[in-house]
1. Looking at (1) touching a Lys or Arg at 6+ places or on another chain (Cβ under 6 Å); (2) under 20 Å from Thr6 (Cα atoms); (3) not aromatic (Phe, Trp, Tyr), which is the only condition Leu88 fails?
2. Could you tell me which of the residues Gly50, Gly102 is under 29 Å from Gln28 (Cα atoms), more than 17 Å from the chain's Cα centre (by Cα) and not basic (Lys, Arg)?
3. Here is a list: Glu16, Glu37. Which entry is open to solvent by less than 40 Å² (accessible area, probe 1.4 Å) and not in a strand (DSSP E or B)?
4. Go through (1) over 21 Å from Leu133 (Cβ atoms); (2) touching a His at 6+ places or on another chain (Cβ under 8 Å); (3) open to solvent by 30 Å² or more (accessible area, probe 1.4 Å); (4) of a type outside the set (D, E, K, R) one by one and return the number of the condition Gly50 breaks.
5. Enumerate the strands (runs of 3 or more DSSP E) found wholly within segment 66-110, keeping only those where 3 or more residues are out of contact with any Pro (no Cβ under 9 Å at 6 or more places or on another chain) and either under 13 Å from Phe53 (Cβ atoms) or among the polar types (S, T, N, Q) (or both).
6. Would you check which residues across segment 144-157 are at negative phi and loosely packed, with under 14 Cβ neighbours inside 10 Å and list them?
Amino acid sequence: MTILVTDMVGSTALAEELGDRKWWEILQAHNALVRAEVERHGGIEVKAQGDGFLVVFASAREAILAAVDIQRAAARYRAENPSRPIELRIGLHTGETVESDGDVFGQNVILAVRIADAAGPGDVLVSGLTHDLTAAGGDLRFGPGEEVSLKGFSVPWRVHRVAWA
């Protein structure tokens, strides 16, 4: 299964700057655009916490395509609402998980979260494994792999940025 994690960049500062009511409107727009792309690509929303999502996909390719379409939807939203920016970082990793009561756990989930943490604003960052599983299809474009240190992991991990713009 491929785990997709989103995080809204600078959300706390944005909430403080705009106030709760305007922040709530932005959060609702964010939630709607993420959920629309997740559903369109066959993902399963595991949980939404504040300004981020944890989603799983049976297909690594569909997970990446969903992430790209989420970033494109966020870019359209920013263009249409320049005073209400939604900027996301997205991380993906493929691996086994432990499932319990509709939630997923385990090292692979943590790894997806840490990859999202390492992503920059507007990035779709995938683990080396997710890259390797999908690169042969030829329809996705990736940057060169780079080794990154991820919080809590004892060794660096190879990640690739997905070219989507």
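1. Of the numbered conditions (1) touching a Lys or Arg at 6+ places or on another chain (Cβ under 6 Å); (2) under 20 Å from Thr6 (Cα atoms); (3) not aromatic (Phe, Trp, Tyr), the odd one out for Leu88 is (1).
2. Being under 29 Å from Gln28 (Cα atoms), more than 17 Å from the chain's Cα centre (by Cα) and not basic (Lys, Arg) holds for just one of Gly50, Gly102, which is Gly102.
3. Answer to the selection: Glu37.
4. Unmet for Gly50, out of (1) over 21 Å from Leu133 (Cβ atoms); (2) touching a His at 6+ places or on another chain (Cβ under 8 Å); (3) open to solvent by 30 Å² or more (accessible area, probe 1.4 Å); (4) of a type outside the set (D, E, K, R): (2).
5. Passing ranges, in order: 88-94.
6. Pro144, Glu147, Ser149, Lys151, Phe153, Ser154, Val155, Pro156
The values are calculated or read from the model by the stated rules, or taken from the named source; none is laboratory data. Computed from a predicted model, the values in this text were never measured in an experiment. Methodologically, a virtual Cβ is constructed for each residue, glycine included, from the backbone with ideal geometry; neighbour enumeration extends over all protein chains shown. In case anyone asks, the SASA skips ligands and DNA or RNA and just uses the protein heavy atoms, side chains included. Shrake-Rupley method; radii C 1.70, N 1.55, O 1.52, S 1.80 Å.
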